[in-house]
Structure formats: structure tokens, C-alpha cells
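Everything below concerns the one structure shown next.
A short reminder: the numbers here are calculations on the coordinates, not readings from a lab. Here the structure is a predicted model, which is why all the values come from computation and not from measurement. No Cβ is skipped: glycine too gets one built from the backbone with ideal geometry, and neighbour counts run over all protein chains shown.
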Amino acid sequence: MECNCTQHIWTLKDPTIDLSMLEPCLIKYAGETGSLIAILQTAQELYGYLPTDLLAYIAHRTKVRPSKVMGVVSFYTQFRTTPVGKHLILLCQGTACHVNNSTMIEETIQAFLQIKEGDISEDGLFTYNNVACLGCCSLSPVMMIGDKAYGNLTKDKTIEVLKKIQEEENV
């Protein structure tokens, strides 16, 4: 059964999500086949993650079944359905990084930030996730924070990078 209402007022559980910010993207891709990933990427850039009710809104606006939207989000590891810290750490666990002791780097991150994978640090600055490969094998072990890669990591270098970001945030 299709909704015949002319206007639906959407409210999201998170009041900080302003749907008008997504409007230019939705207008840009209106009716364009194959634009769902671009819309989802823009939404995640704007809001930091993709809450379920935002995905329902995107499905409604794009006329794509909610199950398909959720399928795309769950298939691609770039999409997040939970909030993350201000700085997302992606720690490579590919073969080259694993062989070069990425496990020690993971333990260092966990101990220094007092978090487990997927958690947000107490100060809200960091979330870290393991990823299969960052494509920077010559820098192994490597992590990315935002759009910057940090390679040839040691325990001390990892702590130095994290401390520097903390210091910059507390200025």
C-alpha cells in the first residue's frame, strides 16, 4: 500500500540531525539511477554516521526500498550506523601489517585510549576500527586517522601520534 499523503513531517530521534543539510544532495541526485551510494556518503559526511531513521528518510526521498538502502549500508564497510569519535582511526590488519605486528599497535591503541574496537574514547575524540587493508603495504604497520596515513608504526610512534592529536584538540 502506498502513502497518499502530500507531506510527511520527518523527525529523527537525534535532534542534532538537520535534514535540510542533506537537501542539496537529494535535489542534485533526484531521479538519478545509481546515486544511492553518493547520497549515503554525503549523509555520513554531514552527520558522522547513518542512523536508522535517517536511512528511512533517504529511502523515502529516493523511492528506494528501505531493505535495499540497509543492504547497501551493511554491505560496504565505509558506512557506519553508530556514532564515532571526532577522529576515526582505521587500523590495517592486512597480511603485511599483521606480519609487521599490527596486533601490538592495536594493543597500544586500546591501552592508551582505554577503549575497545568500535568504542568512543571517554573524551569523545577517538574511535578505532580494524580494517582488512588500507592499501599502504609498504608502510606497514599502518593506520589512518581522517585522511592521513601513519606508517611504519611502533608502540612509541603510535602513542606520539595520538598524544599530538589530543594536544591539538585541547589548545
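Overview of results
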| item | result |
| --- | --- |
| Rounded to the nearest 20 debye, dipole of the range 19-75 from Cβ charges on Lys, Arg, Asp, Glu | 220 debye |
| Dipole in debye (nearest 20) - the chain, about Cα centre, beta carbon charges: Lys, Arg +1; Asp, Glu -1 | 500 debye |
| Cα-based helix-to-principal-axis angle, 66-75 vs the chain, degrees rounded to 10 | 10 degrees |
| Filtered GluC sites (Glu not before Pro), the range 1-91: DSSP coil and at most 11 other beta carbons within 10 Å | Glu2, Glu32 |
| Alpha-carbon centroid distance for the pair the range 8-55 / the range 102-171, whole angstrom | 29 Å |
| Between helix 102-113 and the chain: long-axis angle, C-alpha atoms, 0 to 90°, nearest 10 | 80 degrees |
| Rounded to whole Å, sorted largest first: equivalent-ellipsoid semi-axes of the chain, Cα gyration tensor | 36, 18, 13 |
| Cα-Cα over 32 Å, subset of Lys68/Lys155; Lys28/Lys116; Lys63/Lys116; Lys28/Lys164; Lys13/Lys68; Lys68/Lys157 | Lys68/Lys155; Lys28/Lys116; Lys63/Lys116; Lys28/Lys164; Lys68/Lys157 |
| Debye equation applied to the C-alpha atoms of the range 80-130, log10 I(q)/I(0) at 0.14, 0.28, 0.30 Å⁻¹ | -0.34, -1.03, -1.12 |
| Principal axis dimensions, largest first and in whole angstrom, of the range 87-169 by Cα | 32, 21, 21 |
| Helix 155-169 vs. the chain, principal-axis angle (Cα, 0 to 90°, nearest 10) | 50 degrees |
